[in-house]
1. Can you name every one of the helices (runs of 4 or more DSSP H) wholly within the range 1-104 that holds 1 or more residues which are surrounded by 15 or more Cβ atoms within 10 Å (Cβ to Cβ) and at pLDDT 55 or above?
2. Taking only pairs six or more apart or across chains, which ones have beta-carbon atoms under 7 Å, a first residue in the range 92-115 that is under 14 Å from Lys73 (Cα atoms), and a second residue that is surrounded by 11 or more Cβ atoms within 10 Å (Cβ to Cβ) and modelled with pLDDT under 50?
3. Write out, first by first residue and then by second, each pair whose Cβ atoms fall under 6 Å of each other, whose residues are 6+ apart or on separate chains, and whose first residue, in the range 57-81, is without any contact (Cβ under 8 Å) to a residue 24 or more places away in the chain while the second is within 13 Å of ligand 1 (Cβ to nearest atom) and part of a helix (DSSP H, G or I).
Amino acid sequence: MIFKAFGVKLEAFGYPTQLQALPFGFTAISSERHQTSSLRTHAEKRALAELIRKPNAVLEMTINFKMCADCHKFMKSASRVYEKGIIVEEPRLRHKFQGGSCSCLDDGGGKRGPK
Ligand SMILES: [Zn+2]
Ligand SMILES: [Zn+2]
């Protein structure tokens, strides 16, 4: 699986899986293993895993939903690990990740305004 190698590399750089990013109800009823696999299969992460395999690809994607806190942290970590800018276009917000931080200056995701 493509994503496996990608995840291992980020973990080698100290990217922690953010289980606390999941809604509390989900956390309470799921095993840790289930939570981890759920976080790992988010569309944004899969899209990035695909993009990162292509040499000189522009790391840019458009999503039609709001990125969760874990993906936001993941993108920040990836921009630092790969030393590349990553752009994620949400319907209402454009994130530009660079060097481990994001243009939206939002650490937690999920805290900006109503859905
Ligand atoms: Zn996510
Ligand atoms: Zn952001």
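The values are calculated or read from the model by the stated rules, or taken from the named source; none is laboratory data. All figures in this text were calculated on a predicted structure; none of them were measured in a lab. Here Cβ is always computed from backbone atoms with ideal geometry, including for glycine, and neighbour counts include all displayed protein chains.
1. By residue number, 2-12, 32-40, 43-53, 69-81.
2. From the range 92-115, the pairs are Asp106/Arg112.
3. Listed pairs, sorted by first residue: none to list.
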